[in-house]
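Just so it is clear, none of the values below were taken in a lab; they were calculated from the coordinates. Quick caveat: nothing in here was measured; it's all calculated off a predicted structure. Glycine also receives a Cβ, built like all others from the backbone with ideal geometry; neighbour counts cover every protein chain displayed.
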Amino acid sequence: MRLSIIAASLLSALSALPALAADEAPASPHTFTGNMTVASEYIYRGIAQTNRKPAIQGGVDYSHSSGVYVGAWASNISWLSDAQVAGVSAPVEIDTYGGYKHAFGDVTLDVGVLKYNYPGTYPAGFVNPDTLEGYLGVSYKFASFKYSRSFSNLFGAQSVQEDGSTKKTDGSQYFDLSANPELGAGFTLNLHAGRQQVANFPNASYNDYKAGVTYDLKGWAVGVAYVTTTAKASTGDFYRSALNRDLGADRIVVSLGKTF
């Protein structure tokens, strides 16, 4: 009889466990998100990537509660084919990245590496535009600063010297200062100032600036921004495409995006 009572008590306790676990189940340490954007043009660090044509972009991200994260992002591009070099066909940019992020109250530190990949076909001797960068960022509430440094030629750029020799552009640096304060009523102000320093290629170094606003429309981010740079084609024609377009000229960019 005693054994029967104990068994019955155990069964009763076990039957209550699922309900208790459901009520107190800890949040998953794994987070998966995705994003998509349609923009009037793809602008990166102030420089046109799609030659005034629309861009379709999207990515996926995974993060762990420990602070570790990885992700991938892609967009159509045209700047490589716009150079009109025979044998070059690279219509897509695919970025892969990973890092570690940790918050100390309102301050968040972020460190990681990012690889810009440009799959396609290239003729023999063409400098591969794939670029590997490391970055370190710090943010406080709505403001952030990020420092990036390339470990390879910066997007395939090389500096031609007076004697005809070339120097690599690994060690190039980018400084990114941004602020995105909320204005209320669904509006967010987007401000940015950046400095691209191209190693061994002073004529290719420049500043870029952006001022814009985004509006939260039922989970969709509607944005408009004005972008300008000091990377004018007159500085050695480095930022003038083969189609005679100034890639660093002032732009107004409209976008529609969503994170899910």
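When N is the residue count of the stretch 18-106, what does its C-alpha Rg come to as a fraction of 2.2 N^0.38 Å? Walk me through the intermediate numbers first.
On the way: Rg = 19.4 Å, N = 89, 2.2 N^0.38 = 12.1 Å.
Normalised Cα radius of gyration, the stretch 18-106: 1.60.
Among A249, F104, P202, whose Cα lies farthest out toward the positive end of the dipole of the chain, if unit charges sit on the beta carbon of Lys, Arg (+1) and Asp, Glu (-1)?
Going by the charge dipole, the pick is A249.
What is the set of long-range amide H partners of A231 at a cut-off below 5 Å, with H atoms built 1.01 Å from backbone N?
N207
HN-Hα J couplings of the stretch 182-192 from phi, Karplus 6.51/-1.76/1.60, θ = phi - 60°, integer Hz, Gly and Pro as x?
Each residue's phi maps through the Karplus curve to give 6, 9, x, 6, x, 9, 10, 7, 10, 10, 8 Hz.
Rounded to the nearest 10 degrees, what's the angle between the helix 2-24 long axis and the longest principal axis of the chain, both from Cα atoms, 0 to 90?
Roughly 30 degrees between the two axes.
What does the net charge come to around A193 if you take all other residues with beta carbon closer than 10 Å to its beta carbon, with K and R at +1 and D and E at -1?
Once all neighbours under 10 Å are counted, the net charge is 0.
With +1 on each Lys and Arg Cβ and -1 on each Asp and Glu Cβ, and nothing else charged, work out how big the dipole of the stretch 110-207 is about its Cα centre, in Debye to the nearest 20. Intermediate results must be reported in sequence, preceding the final value.
Working: 7 positive and 8 negative charges, 26 e Å.
The dipole magnitude comes to about 120 debye.
Could you point to the residue in V160, Y44, L136 farthest towards the positive end of the stretch 28-259's charge dipole, with +1 and -1 charges on the Cβ of Lys/Arg and Asp/Glu respectively?
Comparing the listed Cα positions along the dipole, Y44 ranks first.
Taking the Cα centre of the stretch 158-260 as origin and charging only Cβ (+1 Lys, Arg; -1 Asp, Glu), how large is the dipole, in debye to the nearest 20?
Numbers: 10 positive and 10 negative charges, 49 e Å.
For the stretch 158-260, the charge dipole is close to 240 debye.
Over the chain, what is the relative contact order in percent, taking alpha-carbon pairs closer than 8 angstrom and at least six residues apart?
Values: 617 pairs, mean separation 36.2, N = 260.
Contact order relative to length: 14 percent.
Could you line up D250, D170 from fewest to most neighbouring Cβ atoms inside 10 Å? Provide the component values of the computation, followed by the final result.
Details: D250 11, D170 15.
Fewest-to-most ranking of D250, D170: D250, D170.
Running a GNM on the chain with Cα contacts under 10 Å, which residue among S165, S40, S178 ends up with the highest mean-square fluctuation?
S165
Looking at S150, H64, Y118, which one has the Cα that reaches farthest to the positive end of the dipole of the stretch 28-259 (charges on Cβ: Lys, Arg +1; Asp, Glu -1)?
Checking the options against the dipole of the stretch 28-259, the answer is H64.
How high is the relative contact order of the stretch 126-224? Use alpha-carbon pairs under 8 Å, at least six apart in sequence, and give a whole percent. Walk me through the numbers on the way to the answer.
On the way: 216 pairs, mean separation 19.4, N = 99.
With pairs under 8 Å counted, the relative contact order is 20 percent.
Using a 10 Å cut-off around each Cβ, can you sort T96, T33, T50 from fewest to most neighbouring Cβ atoms? Don't skip to the answer; put the middle values down first.
On the way: T96 15, T33 12, T50 21.
Ascending Cβ contact count within 10 Å gives the list T33, T96, T50.
Suppose the Debye formula is applied to equal point scatterers at every Cα of the stretch 28-259; what is log10 I(q)/I(0) at q = 0.12 Å⁻¹?
Here the Debye-derived log intensity ratios amount to -0.73.
To the nearest 500 deg cm²/dmol, what mean residue ellipticity at 222 nm is calculated for the chain from DSSP H runs of n ≥ 4 alone, each contributing -39,500 (n - 2.57), summed and divided by the residues?
On the way: 2 runs with 27 residues, N = 260.
My calculation for the chain gives -3500 deg cm²/dmol from helical runs alone.
Amide H to amide H under 5 Å from S152: which residues, 5+ apart in sequence or cross-chain, H placed 1.01 Å off N in plane?
Result for S152 returns L132, G171.
Per residue of the stretch 63-71, what does 6.51 cos²θ - 1.76 cosθ + 1.60 with θ = phi - 60° give for ³J(HN,Hα)? Whole Hz please, x for Gly and Pro, Karplus curve as stated.
9, 10, 4, 6, x, 6, 8, 9, x
With a 10 Å Cβ neighbour count serving as the proxy for reagent exposure, in which order, fewest first, do I56, I43 appear?
Numbers: I56 13, I43 22.
Sorted ascending by nearby Cβ count, the order is I56, I43.
Which value, in debye to the nearest 20, gives the size of the charge dipole of the chain about its Cα centre, when Lys and Arg are +1 and Asp and Glu are -1 at the Cβ? Working shown, then result.
Details: 19 positive and 21 negative charges, 28 e Å.
Approximately 140 debye in magnitude.
Using θ = phi - 60° and the Karplus form 6.51 cos²θ - 1.76 cosθ + 1.60, what ³J(HN,Hα) does each residue of the stretch 221-227 get, whole Hz, x for Gly and Pro?
9, 9, x, 9, 8, 9, 10
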